[in-house]
Amino acid sequence: MTAPGEHDVDLTGAPAGALMQGSQGESVAELVRAAASLDVVRAAMESTGYDMSRVHFIQGDVSKTLPVIQTLGIALLRLDTDFYDSTLAELRHLYPRLASGGILIIDDYGHWAGAKRAVEEYFSNPVNGYKRPMLWCIDYTGRGAVKAEGPVNVEIARYDYFPPGIDAPNLTGLFPDAQPQNPWDVPWPYLRPEVPHLWRTDSRNDTPYTIGNASVEEAVCLYALARQFEGKRGLEIGSHFGWTASHLVAAGLQLDCVDPEFLREVRFKLVSESLDKVSGTGSYRLWGGYSPDILPEVRESKPEPWSFAFIDGRHDGTAPADDARGVLPFLAPDAVVVFHDLTAPDVEAGLDVFRKAGFSTRLFNTMQILGVAWRGDVTIFDHVADRNVAPITLDHLLKHLPGWKEPEEDGGASEPAPVTSAQPTLWARLRKMFSPSA
C-alpha cells in the first residue's frame, strides 16, 4: 500500500499510519498494509483462467508510476489504494480516459476519509473539467458511478524510448524536418499507434504516401547491432531521408544505400547533406534504383560481401521476401540482417527467408517490431523493451519467439498455442476514437 498522509483516517478516526504500525494489533496492521508479492498476485489472476497476455502488472507507488504508464480508453476504472494522495493521483491520470458511460468504482470512499476527500476535491475543482457523477452505495465503503461526459482530447503522452545499456549518439538534431505526428490518423493497418513512442514523418516528403521514420529506439538498436561491424560493408534498402542510414554510418559501416528516390537529384542532395554531417569512421554511397534488381551491381562495386543489411523497402506483397532472396547470396559468413515493421505479415515473410536458410532469428519489441536474423560469429544484444509496450502476440510472428518448434510432419502442431492479437479492424475503430479530427 502507498504511504498514508494526514487526511488518511478510518471511519472511527484512527490514523492509517498508526494502524499500519500496529496500534490496534498486528492483524489489523496487516489488513491496512494490504501487502502481497507480485508472485502471489500473479498466481491469483492465473487461477481465474483469464488470458494472461491481456494482464500487465505494474509495481510501485501509483503516484510515481501513473505519469509514465500509458493507457488508452478505459471502460471500467476501479480504485482501491485507500488513501488520499494515491486516489487523487489515480483520478487525475485515469478519469479523463474513462469512456462516456464507463463505470467508476471507488472501494474505500466510506471507510477512509482520505479516499473520500480525494474524490470530492477532484470533482469540485473546475480545473479538472468534470461534473461529480452520482455515486451509489455498493456496501458501507464502496461507491460506484457512471461517467456522463466523454473523454476530452485523450491521447498518449508520447516520448522517445532509449533501451538501457546502449551508448548511441543522439542524431535527432541532424533531422529537424522529422516532426512527431499522430499515428492514429494513418490508415495503414499495421502501424501500432497504441505504443506510446513518438512517431515522426519528414516534412520534406513530397510523395503521395505517408512514410514514417523508424523510432528513435529502433534507430538506436540498429546502431548497436551494426557497431560490431565497424569498417566492414553494410547495405540499406529503403533510406527515405537518411535517418536510419545516419545511425549505420555512425556505427562505422561502409554503407550502400539503395532507394529509387535517389534517382531524383533533390532527394539525393538532401540525404547526402545529412549523412555528410555524421562523424566517425563510416562512409556511404547512395544508389538510385530498385531492389532487388540493382543489388548485383551494388555488390560488385566492391570486393567485400555485406556483413550487415537493413531491409526497409516496400512492405507489400512479395517485395520483402524478394529483397531477402536478393540479399542472401551476397552476405558474409558472419552477418546480421534486420527488418523493420514486422507487424506486417508480408515483411515477416522476408525475415522467414533467412530463418529457412539456417539463420537464427529474434524479435525486438519496438514500436513497429524489428526482426533480426544472423549467422556466424556475431553478437545480438539482449533488447530490453519499454514496459509500456505490450508483449508480442501476433500469430505470424510466433515462429520467431523463444520456445517455438516447427510443426510435426503429420500435421500435429508443436508450437505454443497462438494468442490472437488485436485485429486491424479494432485499431481502425481506435484510430477514429483518438484522432483529433474524429
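The values are calculated or read from the model by the stated rules, or taken from the named source; none is laboratory data. Values in this document were obtained by computation on a predicted structure and should not be read as measured data. Cβ sites come from the backbone with ideal geometry, for glycine too, and all protein chains shown count toward neighbours.
For region 231-281, the set of residues classified as aromatic (F, W, Y) and either under 24 Å from D322 (Cα atoms) or modelled with pLDDT under 95 (or both) consists of F241, W243, F262, listed by residue number. As for region 188-200, it holds no residue that is in a loop (DSSP other than H, G, I, E, B), more than 18 Å from the chain's Cα centre (by Cα) and not aromatic (F, W, Y).
Among the residues making up region 8-35, a single one is touching a strand residue (DSSP E or B) at 6+ places or on another chain (Cβ under 7 Å) and either in a loop (DSSP other than H, G, I, E, B) or hydroxyl-bearing (S, T, Y) (or both): D8. Screening the candidates D80, D85 for the property of being at negative phi and either touching a Pro at 6+ places or on another chain (Cβ under 9 Å) or exposed (fewer than 11 other Cβ atoms within 10 Å of the Cβ) (or both) yields one hit, D85. Taking the listed residues V298, V266, the one that is surrounded by fewer than 18 Cβ atoms within 10 Å (Cβ to Cβ) and among the hydrophobic types (A, V, I, L, M, F, W, C) is V266, with no other qualifying.
Of the residues making up region 62-77, those that are surrounded by fewer than 16 Cβ atoms within 10 Å (Cβ to Cβ), closer than 30 Å to L11 by Cβ and modelled with pLDDT under 90 are K64, T65.
Quick grid of which residues meet (1) under 26 Å from H240 (Cβ atoms); (2) in contact (Cβ under 8 Å) with a residue 12 or more places away in the chain; (3) hydroxyl-bearing (S, T, Y); (4) in contact with a Cys (Cβ under 8 Å, 6 or more places away or on another chain):
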| residue | (1), (2), (3), (4) |
| --- | --- |
| H340 | yes, yes, no, no |
| T343 | yes, yes, yes, no |
| D346 | yes, yes, no, no |
| V353 | yes, yes, no, no |
| R375 | no, yes, no, no |
| D386 | yes, yes, no, no |
| P391 | no, yes, no, no |
| H400 | yes, yes, no, no |
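For region 72-119, enumerate the residues that are among the charged types (D, E, K, R) and over 17 Å from E149 (Cα atoms). Result: R78, D80, D82, D85, E90, D107, D108, K116, R117. Every residue in region 240-256 that is outside any loop (DSSP other than H, G, I, E, B) and within 19 Å of E304 (Cα to Cα), please. Passing the criteria: L248, V249, Q254, L255, D256. The numbered conditions (1) crowded, with 16+ Cβ neighbours inside 10 Å; (2) at pLDDT below 90; (3) outside the structural domain of V347 (by TED's automatic domain parsing) are all true for E194 except (3).
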